[in-house]
Structures are given as C-alpha cells and as structure tokens.
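Data block below; observations after.
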4 protein chains.
Amino acid sequence: MAGNTFGTIFTVTTFGESHGLALGAIVDGCPPGLELTEADLQHDLDRRRPGTSRYTTPRQEPDQVKILSGTFEGKTTGTPIGLLIENTDQRSQDYSEIARQFRPGHADYGYHHKYGLRDYRGGGRSSARETAMRVAAGAIAKKWLAQFGVTIRGALVAMGEVDCPVTDWSQVEQNPFFCGNPDKLDDLDELLRAIKKEGDSVGAKIMVEASGVPVGLGEPVFDRLDADIAKAMMCINAVKGVEIGDGFEAARQRGSEHRDEITPEEGFLTNHAGGILGGISTGQSISVNIALKPTSSIKVPGRSIDVDGNAVEVVTKGRHDPCVGIRAVPIAEAMLALTLMDHWLRHRGQTGRI
Amino acid sequence: MAGNTFGTIFTVTTFGESHGLALGAIVDGCPPGLELTEADLQHDLDRRRPGTSRYTTPRQEPDQVKILSGTFEGKTTGTPIGLLIENTDQRSQDYSEIARQFRPGHADYGYHHKYGLRDYRGGGRSSARETAMRVAAGAIAKKWLAQFGVTIRGALVAMGEVDCPVTDWSQVEQNPFFCGNPDKLDDLDELLRAIKKEGDSVGAKIMVEASGVPVGLGEPVFDRLDADIAKAMMCINAVKGVEIGDGFEAARQRGSEHRDEITPEEGFLTNHAGGILGGISTGQSISVNIALKPTSSIKVPGRSIDVDGNAVEVVTKGRHDPCVGIRAVPIAEAMLALTLMDHWLRHRGQTGRI
Amino acid sequence: MAGNTFGTIFTVTTFGESHGLALGAIVDGCPPGLELTEADLQHDLDRRRPGTSRYTTPRQEPDQVKILSGTFEGKTTGTPIGLLIENTDQRSQDYSEIARQFRPGHADYGYHHKYGLRDYRGGGRSSARETAMRVAAGAIAKKWLAQFGVTIRGALVAMGEVDCPVTDWSQVEQNPFFCGNPDKLDDLDELLRAIKKEGDSVGAKIMVEASGVPVGLGEPVFDRLDADIAKAMMCINAVKGVEIGDGFEAARQRGSEHRDEITPEEGFLTNHAGGILGGISTGQSISVNIALKPTSSIKVPGRSIDVDGNAVEVVTKGRHDPCVGIRAVPIAEAMLALTLMDHWLRHRGQTGRI
Amino acid sequence: MAGNTFGTIFTVTTFGESHGLALGAIVDGCPPGLELTEADLQHDLDRRRPGTSRYTTPRQEPDQVKILSGTFEGKTTGTPIGLLIENTDQRSQDYSEIARQFRPGHADYGYHHKYGLRDYRGGGRSSARETAMRVAAGAIAKKWLAQFGVTIRGALVAMGEVDCPVTDWSQVEQNPFFCGNPDKLDDLDELLRAIKKEGDSVGAKIMVEASGVPVGLGEPVFDRLDADIAKAMMCINAVKGVEIGDGFEAARQRGSEHRDEITPEEGFLTNHAGGILGGISTGQSISVNIALKPTSSIKVPGRSIDVDGNAVEVVTKGRHDPCVGIRAVPIAEAMLALTLMDHWLRHRGQTGRI
C-alpha cells in the first residue's frame, strides 16, 4: 500500500537505491511446490544487465541474485521469497553538483519536494537499477506460468525514427537491441552511434505479448486485466504510453473493423482487442505496446535550477544508456508476468477454476 | 481487492448491472467537513447521461443520485458516503438471443467463461452504465480538490479520422461532442451521421488534464501517479490506450527535445512529461490522452458463436451510442479526480505535507 | 483500506448511520453460482433484530434487506452484491442535548475529535445499527460455507455474574438470550429484570464456533486465521476481549497440558488450541470467546463534559438494550463466517487446494 | 495481502525461516526525515534475543541487523527501508525425525496440509525467530512515535499460577522476566526451575501499554484501532487471547461501573476502556493484555502421528524457552508501535490533523 508493493495476493515488494548497499525484494504468495533456484532468475537478470554491449552503459553490475528464503530443497514452500542483490560497482564519485541540482527530465525535483531530502547518488530510489528486482521476481512468475503453457516475450519495435516491427521472433535474442527485425539492425546501430556522438539519447517503443493465457483472468470493473497491465507498464521508469491490442489505432477505426469475429472452426479471426475484452482475458494472445522516453541523462547541456532556485546548467557526466528502451524489454516482460500471475491466483481464488 | 474497489485510502466501491434494480457506490475515506449535496454530483451525471443529443443513445436514464449516508447538515462527516441511482428505464426486452450469443467485441465471452453464468440483460455488469457511479464519486473528488485550486477538464480530441485538438476550452461544454475545436464541429457531425447511416460505430481519442496539482503526489516505485492514472483510464470501458504527456511521441524524440528545462523565472519551460517525473507530480498540469475503441454494438452483422459453439450472426438491435468516446469525457475526468485525491491523502499521510 | 471494508479478496464494505436514510453494503468477490435470495439473509437479520423480546430495545426495525445487484435468476454471478436496508423508525427525537455532550462510554468523544463534526443522531455511524449489514453479508458467507459442510453457531455463555456455558445447543434458538443452558434461563431473566429496574446495563460473554472447517486456512505470518478472527471480533461494537481455544486460561497451563495430542485412530484428542495452530486451521472446530462491555446508554446519571469542556450530567433517555451482548451472537457468527470465507478463497487462490 | 505484510500505508513485510540464510523485512511508508541508525534497532533486538539468561534458550543469535536502504546521511528518505539479519547459529542438526512428524501444539500439521511441503528445520517459517524482524521494524515505529511523545512499554504480568501485576515499572528491565513486581521474582524463578526440571513449559500473560497517544486514531467501523491491535497481538506466535482495557472483566460489569466518566478538571476519571472508544483512541493510555500458551517444544513425551498417519512419540530435543511469554514483551511492544504508527498516518491522511 505504501507504494513499493505490486500485486494483491501475489505480491512483490522491493527496496534499494542505485548506490545503496543492496537491492532486495520479497515475493509473497507464490504457490508451493515450484522448482526454483537462483539460476532461474539469473537468466533474465543477465538479459537486463548493463555493460553487455556498446549500446548500453558500461557500468558493471554483475547482479548476482541470492534467494534467502521461501524455498526448501529446491522448491517453493508457499512462504515469502526473499531476494537480494548486493551492490558492488559503487564508484566513489563526486556528487557535490548533482546533490543540489534538479536534472531536467529526472525525478530529482519531485523527490526533493515530496520528501524534503533525497539520496541523490545515481538517482537513488528513482534509478532504473531498482528494476533488477522486478526482473528477478518476474522470472519466478514466468516460471510458474510456464507450467500452464503461458509464454511471455518482448521486443524493441521502434527506436526514434526507426520502426522495426518484429518479423522474426527467433532473432530477438541474437542482437543487443532485442530487435526481431534483422533488416533494421543496421539502422538501429547507425542511429545509436549518431546519438552517442551527439551526447544525446533517444526514445523507444517496446512490445510484449503473452500467449497461452487462459480465458477468464481479470477482475472487473476496476481491476480489469488491461487496467492492471497498464499500471504495470506505466510504473516502469521512462514509460509514457501503454496500448493494449490496437491501442490508439482503435480511435480511428470503425466498429465493424475493430471487433474480433469468432467462428466455430477458427475461434477468433483477428486480435484487435489484444486478448482482453471487458477487462477479462479471452484466451487470445495478450499484446501490449509501450513507449519509453529518451534517457534524461545526456551530455547536451540543459537549463535547470538548484535547490535554492538558482539557474544552473546541467551536463550529465556519468555512464548512461543512450536508449533506456532497449533494456526495458526484460523489465516489461517481468511486469506482464507478475500481473498475469496475480490475476491467475485471484481468479482461482474466486472461482475455483483453472 | 475483489476488483470493484478503486483507490487505497480514498476508495470507491461500486455495484450494479445495466438492467438491475439500482446502481450504487460507497465512497470511503473522504475527509470530513466538505460541503456536499446531491446537486454537486448531478452536474457531472447530467454531462455523462445518455439521451441528451441525437449523437448518443436515446435511452432515458434520469440518473438521479441519492446520498444515503456520510453527510450531516450538508457536510461530509468522514464516514462512508453511500450513493444510489435507481434504474428506471428497464425495457422488457426480449433477451433470448443475446442470452446465448457472444457478441463480437463485447465482454460476453469473458464473463461467460470466467463466471460460468452472466446477467446478459444490456451487458449486465460490463455495461458502461456502471460508470455513472464513477462520475458521481468523481464529482466528490473534484469538489474536494477544487478547494485547493485543482481543476480537471476533458475534451474529445479525435473521432475516427477527424482530429479536433482543443483550440478553445470555453467551447467544450457548448456542443454535444465535448469538442473544443469549433472548426471541426461540422466534420464531427458529418462523420457521425454517416456512421449511424451505415449502422456502424467509430472510435475516439479523449484528453483530460488537471491543473493546480501540487508537487509531490505519487508513491514510487509501483504506485507512481502516472501508473495509477494509467490504471484509472484503462479501467474505463472501451479504452485501449493511455498516454501521459507526449506519450507515444516520446518514443521518437531525442532526450534534448523531450526533457523539460527549468529556469528560475519561468519554472518549467515545456511540459513534455505531462506533469509527472519519476512517478511524482511536478506541479505542472497533468495531461493524459486515452484512446477508445468504437462501440461494439452495431447493426452491421458480425460472425460469432453461441454458448454451445454454434455459428451465429450477431446484429445489435438496441439503442446505442455510435461513439462511446463522447460520453467518456466526464468519466475520464472522474477517474483522474479519484486518482489524484487518493494520492493526495496518501502523500499527506506519509509526509504530513500539503 | 479506508476503514469500512472487511476482508481482502472476499470483501464487505458498509455504509450508513443509525438515523440516516438507509444502511447498505457491497459484498465483493463472492464466487458465482451460489443460490441466493433475500430470504437467505433475512433469517439472521431477524435473529439480530431488536424489538423481539422484552430484553432488547423496543425499537422497531423491520430490517427488510434488498439485494440490488450481483445475482441473476436466483444465483450469484461473481459481480458485487449490493445490499440495502432502508431506515424506517427514525423518531423525530430532540437531539439538542446529545448533540453537544460526550456520553460516557460512547464513541462521541473520539468521533468529535477525529472528524471535527459528527452525526449524533442515535450514535450516527458508531451505532450498532450498522452491524445489520454485517449480519446480512455474513449470511451470504454462511450459505457459501455450508456447501462445504462448514457450520457456524454461537451462544451467550455469561452475562454479568451469571455463567451459562452451553449444555444443549438445541436450546440456543428457543429463548431470547441465545442461551444454551436451560438451567440458567431463570437467572438470566432475574438479572436482566434487576438491571432494567436499576436503569443500568450489564456485560456478557459470547462464544462462537465453526465446525467442518478444512485444514489449511490462514496466511502466516500476519494474516493468520486467528489474527484475522481476533480483528473480526474486536471490530464488533462493545467487544473488549477475544480468546481462541483456551484463551487466557492457556497462560496458566503447562505445555504438557495445553498441547493437543494426536492418535491415528482418533485424530486430535483435545482442542485447547481452538482449531488453529501456527495461524492455520487444523480441521478441528474453531472456537472463539468474546467479551462485550455493558451498554453505555443507561439511565444512571453519569458525569461528562460537553464540546466546550463544561461539566454535564448525562442520562440516557432513548430505548436501549440492557445487555448488548445478547444480540451480538448473530453478529459474531457473521464476522466469523466472513473471515473464514475470505481465507478460504485466499487459500484456494494460492494453493489451488480445496 | 499475501499474508506477510502488516499495515496499510505504513507497512512491514517480512521473510525468513528459522534456519534459512537470513531474515529480512521491508518497512515501507516511513515518513522522511527521521534520524535512524542500526543502533536504534539493536536495543530492542537485544531485549528479544535469546541466550541472555538461564530462563531462555541458550541458542546464540547475535541478531545484528543491517539497514540496507531507505536512509541517507542518517535520516529516512521516505523510500522503503530494507532490513537484514543473517543467520549464523544454524546447527547441523539431524532433522530426520522432525521432518516426518507433526509435533503436538506446533504448526507442522497445518503447514504440511496447507502447502504440501515445509521447511521443518527449527520450525521453518513458523518459528518465533521471524519476530526478530518485527522487533526491528517496531523500533522504527517506536522512534517515530516518540517524537510526538508516545511511549510504549510492556511487562510480564503472570506466568502459570504466579500473578505478578506491575507495581514498579522501573524494575521491568532489571530482571530477565520483564517483571515489574520485585516481590514476585523469587516465585517466578522457582516456577521456571521446576518447569525446566520437569522438561515442561508454562504459559504467560503480558501487558503492553502506550501513553501519549493522541485522540483520534482508528478507522471505524472495521479498521478500529482496537481491532487492528487485536490482530497485531494475535498474530504473535503462541498468543491465544487479547484484551483491551478491562477485557473479559467487562463481561461481568455493570454499565455504571465500566463507563469512564469525564470531568472538566480531571478529564477521564478511570480507564476501563483501555484508551479506545468506538474504535478511536481517546487520548488515554492504551492498555492491552495478551495470553501466551506454553511453549510446545517440551521434553515430556507426547503422542502424535507422522506424515503417513502412523503413531509416533514426540520428544523435543532442541534448546527451547520454557516460557515463550517472557521474550514476547518486546515483540508485543513492537506490534503495538507498528499498529499505532500505521493508524497515525492514516488519520493524518484522511483528516490532515495531528
């Protein structure tokens, strides 16, 4: 309830700042009997990890997660799962400037005025570093859902002016962009090189989808599945837009065009709805698009003020991703998995089904 | 928690089906001392009410709301506010067809499979009729927020292929479209006439904004203000997309373009962020766009199946809005107001500020 | 979250003041398919209803409950169940005195200082009249639980100095005291006559038990079944103590005496634990004792102050129960039923069992 | 929601098993600006710690707590506070017997049937070892409340047949029993020696009280302050009964005796209510009694069954407290502090007061 818990009966609560001692999470409500080891979490953590290509920040965060509780002899016991990642790469940087400045596009201004003080080192709590715990927790949800045939995957579908809709899912993990469109790899590479040269950054569009989802998930009227997915996505750092199915395109459509017809032979003939009608999953693939703003930490000087209201020029010196959207793919997958698993347990609780 | 409650410490719980005896809501956590009468709620209910123009369904729903508790001598007492609207226009229609069919684009399929049975009369619980209670509850939030200078307003900004960005807010309430662009009224009228003639429907795009919001609302990392707004919007019937600030446009921008710079003299120079950074309000106007799909109930025949899996042709006979997006304006305003008020009380609780 | 909702995934939210227009509740999360009509709720409402004997207040509250939503063709649909009882016996009493006085033992003082204003008519929100909705909601839970063989019953086991432990459950509903000890009926009658003559009131002790509860309900470590039962009981007006199983007697016992041994033939040999170990139900009967303080509204004059801090003498004039404990029996049963049903659904959600 | 979180807007979520790698907690919603270091938490942890006297288990648990997040330069930042205690004394014991037996009076039976598997080492999650995190979190709440003049203290008031009501609070911390009655120290010592000799255990009664609590805390009708205190107490291991104020004694009283009269000069003349009326604090001291059952782990052989239903004789071999009630004093204080702080923030959120 205090803001750092996600979910209702399957919950994830996280703690940790960018340059603190550690990041941690408590995953509560996981059904007993799921085989689970640290290796299950590490795969997605490694996908999210920075420092793996020249397109992401060279910071080294090994992100070795430890499971501190909730499993016994390799299986979940139904008790809370404690997760911990100790921070190792805490550069003894000089923070005297950032401590008093509100970097444009950053959370500094809000945190300062909300709380009266803030841990400014590396963005503190507002750093995307926190999402490592979501990815670890999401991996638990993914594994649990996989038992029932649910698969979740995501890809970069646009970066700046380069559109790269998925043409071949098998390629997504073969390049540092999570791009499923081999023809666009050169364009993306070129764009990012230019962006880095300019000391600037660029936005991105991600898609995530879940297949194998049973019909029935979602609790109308407020906790609709799409509503909770929208929240799950929008609470990812830098996300500014969420679409389910056709999304904003639906605003331009006719009813006869948008509605997904059904036949006895083929089931749903189209999936404009993105797998959710009336807030409840239909059994079709759930498809979600999200927009991420460009990284706010750039080398291009920007005007701002300091905590005393004086004008300052802000130039980011640290190591930063030119496009935060890239690494958002495993994060979005994780948030979708967490949402689906929570709704699964809620649905099962109320109806006894599945 | 069971799906029909919105908010955390300021909550709205609703009940009621389209053709049931009544709709109701309990608004809990409203601060004491707010002057409140039924007239305060009726204004927005009348704005949402169908039957007021030829562009909306001719169904007559007077939607007279009663306050059953929670006020005393014209003021809120801090105890739960019970709201009730009795249903009057329950046509004794023949539902034998709809009872067994899954209308394309509707919630029928999901409700049937989730619950095993459903109140099919007029869509039952999945009908947008339920949103009347949200509008009533939202009017309480609007009035409470207004004391502190917060103003919320909304408008239609696109319908089908007609874009109609607001050029004059004073015009929004002067036409049946909630359109703030007088030059586009003829286009909208023309489009809707054509749509009705075809027996079809059309999608729409709405924008809502809140001005006067103090800095500091929002509880990172999961209950960010933008995340809860995204949920609030996506849980409105027919909504398929949500944007905060520049939304999907941000995916195409450079960091130097997107970030809102600040100067001592003018404060924020731009508002690409839509008034929220790091999940916390910045004091700028909060701006939100939402996309609504076209009404699913249309006269154009569509293929579907019945509960036994047999092929059926579905043609909607009832009275329906050709564009549900129009009446969504007061609903979206209400959901934004509810979200802001809940976050206001949470922020005040944790920090003692405001 | 705002205080007027009970439960987590099966929830009851109530509204209404003693002398307001109506009392209401929303029961959310009830599984679909349960046969439910108003008659199912009326039985317990009639048991709780005042005016049925000379031992309770002569106020006439027919308490006719209406189901406004959530059922269709006699069955629950899984959507929220709206309940309403219109208030009829609102005597046009003179409240000028009570409006400014803090009656000793009453909630007046707290409500006044918490909220700054209060509906003083008949105690407003703090009146036990509100519990009618709990009884109605509890009847739904009772009926749902009964499908699985769970039975809930309660009885008065002490009033003032008269102890009346249950000796014959079949007698409980045969007398106006909910007393299962026929030998003590005369003592109770005599005590209450004396109490009424003195213009005083008296406390009571109630026991409630649930049999047929499956093993496994309860979510350690905080939402233990016994912890949630303790809350459920303590939130009943006038309750000052709660015991599970042996309760305070356990403080005097030896471990070898308290622990319930198990044999293959007979299962648990004793039930000192009251059916709950480690916060989880064991399959034995759950037994709960509660203590209720004497009615605070009495004719014996008492010293207090008014809202301005002046000394006043308070004498209650209205019609009141000499022992609120009597009518608390159906209320306690209802709260136990609500707690068990919520935990049942939670358990089923997490584990898929039952 | 999943059972391991306490509180609504000020929350504590814990993880960890008796013999796992570590215990941890996330304290979320703590207001910013509170000076906080590990030393603030260690004091109460040391009070709870076993191995400090011959009356408690000789197990050595240094219980050194680390604050991993949520503070910066010695002050809380409003972000979640991560707490960790690494387990050190994990004896490589032989658990082959306990793994398959249901020890009488223990949680084994419930955990086994609820989850299908359990971490049986030292009781796993059901061990009172988990309460170390509550004590650490409670110390934060105590420190925060102390700023406003709220003081919380507790004492042992009975053990077995020895009643030892507090006569001198200054003595409570001067003996290993938390006993505030110097005349009874010899009796307690004698009792415990006898108990240990017999290989048995004994129950206890604890009282905790909070002074300096402002009027107004508590959210009727369900989240009454007393109701949430009842839950807070009953969710402590081994607790079987809770009383507020006069508790069960109130069942024997007359209304004229129980109600607390008020005069302008002296305020409340008595405190039978225990500082709470109508679920809201009155500004008087809040007083709570709890009953704890005797330790279930004893050397006296007991009959039980194993997981296959075969008869077994259970004799506890490990190191255990002969009276768990003793060490429950700091735990009960912590739970009271957590409850009060959560209600404080809720009250402040809704009303803007305090």
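The values are calculated or read from the model by the stated rules, or taken from the named source; none is laboratory data. Bear in mind that the values here come from a model prediction, so they are computed numbers and not experimental data. Heads up, the Cβs are rebuilt from the backbone with ideal geometry, glycines too, and the neighbour counts pull from every protein chain shown. Accessible surface areas use protein heavy atoms only, side chains included; no ligands, DNA or RNA. Shrake-Rupley method; radii C 1.70, N 1.55, O 1.52, S 1.80 Å.
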Note on the stretch C:102-140: residues among the aromatic types (Phe, Trp, Tyr) and open to solvent by less than 30 Å² (accessible area, probe 1.4 Å) are C:Phe102, C:Tyr111, C:Tyr115
Residues that are within 20 Å of C:Thr270 (Cβ to Cβ) and facing chain C (nearest Cβ under 7 Å), drawn from the stretch D:294-322
D:Pro294, D:Thr295, D:Ser296, D:Ile298, D:Val300, D:Gly302, D:Arg303, D:Ser304, D:Ile305, D:Gly309, D:Ala311
Conditions first: (1) hydrophobic (A, V, I, L, M, F, W, C); (2) more than 13 Å from chain A (Cβ to nearest Cβ); (3) buried (at least 24 other Cβ atoms within 10 Å of the Cβ). B:Leu145 passes all but one, so which condition is the exception?
(3)
Being at pLDDT 95 or above, in a loop (DSSP other than H, G, I, E, B), polar (S, T, N, Q) and within 20 Å of the chain's Cα centre (by Cα) is the requirement here; does C:Thr13 meet it?
no
Give me a count of the residues in the stretch A:255-271 that are touching a Gly at 6+ places or on another chain (Cβ under 9 Å), more than 8 Å from chain B (Cβ to nearest Cβ) and not aromatic (Phe, Trp, Tyr).
2
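Okay, residues lined up against (1) of a type in the set (D, E, K, R); (2) in contact (Cβ under 8 Å) with a residue 40 or more places away in the chain; (3) more than 30 Å from A:Thr282 (Cβ to Cβ):
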site: B:Lys75; (1), (2), (3): yes, yes, yes
site: B:Gly78; (1), (2), (3): no, yes, yes
site: B:Gly82; (1), (2), (3): no, yes, yes
site: B:Ile85; (1), (2), (3): no, yes, yes
site: B:Asp94; (1), (2), (3): yes, no, no
site: B:Ala99; (1), (2), (3): no, no, no
site: B:Pro104; (1), (2), (3): no, yes, no
site: B:Tyr111; (1), (2), (3): no, no, no
site: B:Ser126; (1), (2), (3): no, yes, no
I need the full set of residues from the stretch B:192-218 which are touching a residue at least 60 places away in the same chain (Cβ under 8 Å), over 30 Å from B:Leu345 (Cα atoms) and not in a strand (DSSP E or B), in order please.
B:Leu192, B:Ile195, B:Lys196, B:Glu198, B:Gly199, B:Asp200, B:Ser201, B:Gly203
Among B:Leu217, B:Leu292, B:Leu269, the single one that is aliphatic (A, V, I, L, M) and in contact with a His (Cβ under 9 Å, 6 or more places away or on another chain) is B:Leu217
Every listed condition ((1) at the interface with chain C (Cβ under 7 Å from one of its Cβ atoms); (2) touching a residue at least 60 places away in the same chain (Cβ under 8 Å); (3) under 23 Å from C:Ala128 (Cβ atoms)) holds for D:Arg252 save (2)
Please indicate, with yes or no, whether at least one residue in the stretch B:105-124 is more than 21 Å from the chain's Cα centre (by Cα), modelled with pLDDT of 95 or more and in a strand (DSSP E or B).
no
Restricting attention to the stretch C:186-199, does a residue exist that is at pLDDT 95 or above, farther than 30 Å from D:Leu23 by Cα and within 22 Å of the chain's Cα centre (by Cα)?
yes
Subset of the stretch B:19-52 [in contact with a strand residue (DSSP E or B) (Cβ under 8 Å, 6 or more places away or on another chain) and assigned to a helix (DSSP H, G or I)]
B:Glu38, B:Leu41, B:Gln42, B:Leu45
Scan the strands (runs of 3 or more DSSP E) fully inside the stretch A:219-305 and keep the ones with 3 or more residues being crowded, with 24+ Cβ neighbours inside 10 Å and modelled with pLDDT of 95 or more.
A:239-244, A:286-292
Quick one: B:Ile195 ticks every box in (1) more than 9 Å from every other protein chain (Cβ to nearest Cβ); (2) under 25 Å from B:Thr316 (Cα atoms); (3) not small (Gly, Ala, Ser) except a single one, so which number is it?
(1)
Those residues of the stretch A:152-191 which are within 12 Å of chain B (Cβ to nearest Cβ) and not in a loop (DSSP other than H, G, I, E, B) amount to A:Leu156, A:Val157, A:Ala158, A:Met159, A:Val162, A:Asp163, A:Leu191
Residue tally, condition in a loop (DSSP other than H, G, I, E, B), of a type outside the set (A, V, I, L, M) and closer than 11 Å to B:Asp342 by Cβ, over the stretch B:1-10
3
Working carefully through the options A:Ile98, A:Ile152, find the one that is farther than 30 Å from A:Val315 by Cβ and not small (Gly, Ala, Ser).
A:Ile152
Which of the residues belonging to the stretch C:153-196 are of a type in the set (Val, Ile, Thr) and within 24 Å of C:Val239 (Cβ to Cβ)?
C:Val157, C:Val162, C:Val166, C:Val172, C:Ile195
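For every residue, the table says whether it meets (1) at pLDDT below 95; (2) open to solvent by 10 Å² or more (accessible area, probe 1.4 Å); (3) more than 23 Å from the chain's Cα centre (by Cα).
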site	(1), (2), (3)
B:Ala25	no, no, no
B:Arg54	yes, yes, no
B:Arg59	yes, yes, no
B:Leu68	no, yes, yes
B:Pro80	no, no, no
B:Gln90	yes, yes, yes
B:Arg100	yes, yes, yes
Residues that are basic (Lys, Arg) and in contact (Cβ under 8 Å) with a residue 60 or more places away in the chain, drawn from the stretch D:315-354
D:Arg319, D:Arg327, D:Arg346, D:Arg353
Can you tell me which residues in the stretch B:125-151 are among the hydrophobic types (A, V, I, L, M, F, W, C), in a helix (DSSP H, G or I) and out of contact with any Cys (no Cβ under 8 Å at 6 or more places or on another chain)?
B:Ala128, B:Ala132, B:Met133, B:Val135, B:Ala136, B:Ala137, B:Ala139, B:Ala141, B:Leu145, B:Ala146
In the stretch A:212-231, is there at least one residue being within 12 Å of chain B (Cβ to nearest Cβ), over 28 Å from B:Gly7 (Cα atoms), out of contact with any strand residue (DSSP E or B) (no Cβ under 8 Å at 6 or more places or on another chain) and among the basic types (Lys, Arg)?
no
Are any of the residues in the stretch D:27-41 buried (at least 24 other Cβ atoms within 10 Å of the Cβ) and at pLDDT below 95?
no
Given the criteria open to solvent by 10 Å² or more (accessible area, probe 1.4 Å) and either more than 30 Å from D:Ala99 (Cβ to Cβ) or touching a residue at least 12 places away in the same chain (Cβ under 8 Å) (or both), does D:Val312 qualify?
yes
